[in-house]
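Report on the following structure.
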Amino acid sequence: MQGLVITADKHLYAMSAEARPVEKVRSGDIVAFECLDALGGQIRSEADTVANIDFSRVNPATGPVFVEGAEPGDTLAVDILAIDTASTGVVLSVPNLGILGDRVTAPRTSIARVGRRWVELEGIRLPKAPMIGVIGVAPREGAIPCGTPGPHGGNMDTREIRAGSTLYLPVSQPGALLALGDVHAVMGDGEICGTGVECAATVTVRVRVVKDWPVEWPWLETEDDLMVIASADDLDAAAREATSQLVEFLRRRCGYSFDTAYMLVSTVGDLRISQVVDPLLTVRASIPKTYVEGED
Ligand code: CA
Ligand code: CA
């Protein structure tokens, strides 16, 4: 069966209730999103740098898609079925961007070759691990640029948002209004210099409306782990929010006292930095699903 395809020309630069849906789907439908890279396809060779791109065309997200039956207070589950990348990707070193941006004297572009299993960057072979940088729904209020993460999702740059995972997003507007983009063929925790291997891609997902698990922040379920992804002005605040969300979840789901849940996340949970280069910084708190399953 040929599923629904949203072409890359149908994209937005901010997530908001005002964004006009480009398609309507039902809970359970499979949708393929064709995505430009995070530079909007403006960098095609190593002669192109950030010095000569239009920044109003950075971080496009394909969509938004209206999911019938998704109402404020619900959760939108997005099963990530496949991420098919283009055969090249872009990595940028940019003055004043990233942790060591003060040491970058001139912008530089590296074009990576992206194969089926490997990425070749600066003559170095890296294992390919495609993931989605930007994925979210319309926020409770206002318009949030696609470059910013938040409770609505957005630019979370979290490595485990990959094929095989399920992302759970809090629905704030009728139809949820799902959009996604900023695919990386591979990216390290932190996205230290400000880019992963930025790729155009086709992302195939199944959307499901979940009525019985309201969430405040995006949650992600991988094969082994359950994690919550929180963003804030600094890493300390993001770590505190993610930890607090995970502890409260374990209290509700498993009936633990605060102390037990707190000790459990300290002993078998993990805090990881997702990214430190976006307008808000992102941390995820995870726990193996074996400590969660079978309790509800
Ligand atoms: Ca990003
Ligand atoms: Ca990116």
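Please report Asp189, Asp157 as a ranked list, fewest other C-beta atoms within 10 angstrom at the top and most at the bottom.
Working: Asp189 14, Asp157 29.
The order, fewest Cβ neighbours first, is Asp189, Asp157.
Neighbouring Cβ atoms within 10 Å as the yardstick, rank Val90, Val183, Val5, Val50 fewest first. Walk me through the numbers before you get to the answer.
Values: Val90 25, Val183 32, Val5 12, Val50 20.
Listed from fewest to most nearby Cβ atoms, that is Val5, Val50, Val90, Val183.
May I ask you to list the GluC sites (Glu not before Pro) in segment 107-167 that are in a DSSP loop and have at most 10 other Cβ atoms within 10 Å of their Cβ? Before the final figure, lay out the partial values.
Numbers: sites: Glu120, Glu122, Glu141, Glu160; in loops: Glu122, Glu141, Glu160.
Listed in order of number, the matching sites are Glu122, Glu141.
For the chain, find the longest principal axis of its Cα atoms and tell me its angle to the long axis of helix 258-268, 0 to 90°, nearest 10.
40 degrees
Under 1.5 on a/c is rounded, so check that first for segment 68-123, then, if it is not, pick prolate when a/b is larger than b/c and oblate when it is not; a ≥ b ≥ c are the square roots of the alpha carbon gyration tensor eigenvalues. Walk me through the intermediate numbers first.
Working: a/c = 4.38, a/b = 1.63, b/c = 2.69.
Judged from the Cα gyration tensor, segment 68-123 comes out oblate (a/c at least 1.5, b/c at or above a/b).
Rank these for me by crowding, Ser93, Ser231, going from fewest to most other beta carbons within 10 Å.
On the way: Ser93 21, Ser231 28.
Placing the least packed residue first, the sequence is Ser93, Ser231.
Net charge within 12 Å of Pro60 by Cβ-Cβ distance, Lys/Arg positive one each and Asp/Glu negative one each, not counting Pro60 itself? Walk me through the numbers before you get to the answer.
Values: positive: Lys10, Arg57; negative: Asp9, Glu34, Asp37, Asp54, Asp182, Glu198.
Residues near Pro60 contribute -4 overall.
Taking the Cα centroid of segment 150-164 and of segment 43-90, what is the distance between the two, rounded to the nearest whole Å?
11 Å
Lysines near Lys289 by alpha-carbon distance under 22 Å, same-chain residues fewer than 8 away left out - which ones?
Lys211
When only Cα pairs under 8 Å and 6 or more residues apart are kept, what is the percent relative contact order across segment 138-296? All intermediate terms of the calculation are to be shown ahead of the outcome.
Working: 275 pairs, mean separation 43.1, N = 159.
Over segment 138-296, the number comes to 27 percent.
Out of the DSSP beta bridges found with both residues in the chain, what percent are antiparallel (nearest 5)?
Numbers: 73 of 81 bridges.
Approximately 90 percent, going by the DSSP bridge assignments.
Looking at the square roots a ≥ b ≥ c of the eigenvalues of the Cα gyration tensor of segment 152-252, which shape do they give, rounded for a/c under 1.5, prolate if a/b is larger than b/c, or oblate? Write down the numbers at each step before the final one.
Working: a/c = 1.69, a/b = 1.16, b/c = 1.46.
Oblate, since a/c reaches 1.5 and b/c is not below a/b.
So what J values fall out for segment 70-77 if you push phi through Karplus, 6.51 cos²θ - 1.76 cosθ + 1.60 with θ = phi - 60°, rounded to Hz, Gly and Pro as x?
Karplus values, whole Hz, x for Gly and Pro: 7, 10, x, x, 7, 10, 9, 8.
All of the numbers you see were taken from the coordinates with simple rules; none came from a lab. Treat the numbers as computed from the prediction; the structure is a model and nothing was measured. As a convention, Cβ positions derive from the backbone with ideal geometry for all residues, glycine included, and neighbour counts pool all protein chains shown.
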